[in-house]
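Report on one structure; see the data block that follows.
Each reported figure results from applying straightforward, stated rules to the coordinates on display, with no laboratory input. Just so we're clear, the structure is a prediction, and the values are computed from it rather than from any experiment. Don't worry about glycine lacking a Cβ; one is built from the backbone with ideal geometry, like all the others, and counts go over all protein chains shown.
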Amino acid sequence: MTRTPITLRGAEKLRAELKRLKSEDRPNVIRAIAEARAHGDLSENAEYAAAREQQGFIEGRIKEIEWRLSHAHVIDTASLPATGKVVFGATVDLEDEAGGAVTYQIVGDDEADIRQGLISVNSPIARALVGKQAGDEVEVAAPGGAKAYQIVEVRYL
């Protein structure tokens, strides 16, 4: 069985979503289905159809989160050894060719959000960075063409 890396923060976020889905969203949709059933003919009841569809989405998401958590390899980024090399969970300060600075943390696929500076360990830039250290130059094959970065600092938060 293949384990998927995820940060401790990412796993906690998934657990919180799972708890909310089971304790709030699922009971709410069950109540909505019961209420819609009380209106009579189910074949022409749009409220019932919408509630059943919502129930399907919720149950599917619950199964997906449970599967992801059962196959997760949770890594506490605060306990990573400070080797100076870019590894999963490391925060990397980069400078591009034009002198622009950017900071990324390498995280699991489920947690990636470029707007927050969280990039997937499977992204092209993360794959190019892993194993490198401060001072190294990295070239990344991006959709808009190759981009070059210099690693300014590697941190373990």
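How large is the charge dipole for the chain, taken about the Cα centre, if only the Cβ atoms of Lys, Arg (+1) and Asp, Glu (-1) carry charge, to the nearest 20 debye?
560
Mind sorting 79, 123 by how few other Cβ atoms lie within 10 Å of their own Cβ, fewest first?
79, 123
If I take every Cα pair under 8 Å that is 6 or more residues apart in the stretch 77-155, average their sequence separation and divide by the length, what percent do I get for the relative contact order?
Over the stretch 77-155, the number comes to 33 percent.
Using R₀ = 25 Å, calculate the FRET efficiency as 1/(1 + (r/R₀)^6) where r is the Cβ-Cβ separation of residue 102 and residue 2; round to 0.05. Walk me through the intermediate numbers first.
Working: r = 30 Å, r/R0 = 1.22.
That gives a FRET efficiency of 0.25.
Compute the convex hull volume of the Cα atoms of the stretch 4-75, divide it by the residue count, and report the result per residue in Å³ as a whole number.
68
Kindly give the semi-axes, whole Å and largest first, of the ellipsoid equivalent to the stretch 77-157, taking each as the square root of 5 times a Cα gyration tensor eigenvalue.
Semi-axes from the Cα gyration tensor: 19, 15, 11 Å.
Identify all lysines with a Cα-Cα distance to residue 132 below 26 Å; exclude those on the same chain that are fewer than 8 residues away in sequence.
85, 147
Evaluate the relative contact order of the chain (contact order divided by residue number), counting alpha-carbon pairs under 8 angstrom at least 6 apart; express in whole percent.
Over the chain, the number comes to 24 percent.
State the label only: which of [x] 20; [y] 15; [z] 45 corresponds to percent of Cα pairs over 26 Å apart computed from the shown model?
Step by step, percent of Cα pairs over 26 Å apart for this structure corresponds to label [z].
When DSSP beta bridges are limited to those with both residues in the chain, what percentage is antiparallel, rounded to the nearest 5?
Details: 19 of 26 bridges.
Close to 75 percent.
What nm value, rounded to one decimal, do you get for the distance between residue 116 and residue 61 when each label is placed 7 Å out toward the C-beta?
1.5
When the chain is modelled as a GNM with alpha-carbon springs shorter than 10 Å, which of 70, 120, 43 fluctuates the most?
43
Run through the stretch 80-154 and list the GluC sites (Glu not before Pro) located in a DSSP loop whose Cβ has at most 13 other Cβ atoms within 10 Å.
Loop-located and lightly packed - 97.
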